[in-house]
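Here is the structure we will look at, set down as structure tokens.
The values are calculated or read from the model by the stated rules, or taken from the named source; none is laboratory data. These numbers were taken from a predicted model, which means no experiment stands behind them. Every residue, glycine as well, gets a Cβ built from its backbone with ideal geometry; the counts of neighbours run over all protein chains shown.
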């Protein structure tokens, strides 16, 4: 696979993840809150998140795979500029946060919905929202780091 194709895969996976978080946070969640009753909103958000999280899982695999190959093609971590090290570290932090969201909070959300416990489901959804906002900020910072690293 060529360097350009790997870079395109890497950038598209990053754009999907970060752009998807923006859409979920600034469009889907507010629209659901404005148009659906809580009894409908919580299952709707769980279904939307399930689909999004499946895509994020694939995006993470593509990001890690393409990123590590790009680093290897560039001579390894020792040959990389500080911006690449910073992007890699922030990206790993984002993956850990996503793991907590997907494997802990989302499981709690679904269990609460299955049990008919709307307050607990709402609390889990709010915790997911806060961590998605954190990852959105981190992901946006990675784009800035990438551009600044190229320019500097």
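Worth a mention:
- Qualifying positions in the stretch 13-37 - assigned to a helix (DSSP H, G or I), out of contact with any helix residue (DSSP H, G or I) (no Cβ under 6 Å at 6 or more places or on another chain) and more than 16 Å from residue 136 (Cβ to Cβ): 31, 33, 34, 35
- Residue check, residue 112 in a helix (DSSP H, G or I), loosely packed, with under 12 Cβ neighbours inside 10 Å, modelled with pLDDT of 95 or more and over 16 Å from the mean Cα position of the chain (by Cα): no
- Count of the stretch 70-117 residues, restricted to those that are under 28 Å from residue 149 (Cβ atoms) and in contact (Cβ under 8 Å) with a residue 12 or more places away in the chain, is 19.
- Test: residue 46 is under 25 Å from residue 91 (Cα atoms), at pLDDT 95 or above and loosely packed, with under 11 Cβ neighbours inside 10 Å: no
- Subset of the stretch 72-91 that is out of contact with any helix residue (DSSP H, G or I) (no Cβ under 9 Å at 6 or more places or on another chain) and not in a loop (DSSP other than H, G, I, E, B) - its residue that is surrounded by the fewest Cβ atoms within 10 Å (Cβ to Cβ): 78
- Candidates 131, 138, 125, 103: the one that is surrounded by 14 or more Cβ atoms within 10 Å (Cβ to Cβ) and over 18 Å from residue 30 (Cβ atoms) is 138.
- Yes/no for residue 42 being under 22 Å from residue 142 (Cβ atoms) and part of a helix (DSSP H, G or I): no
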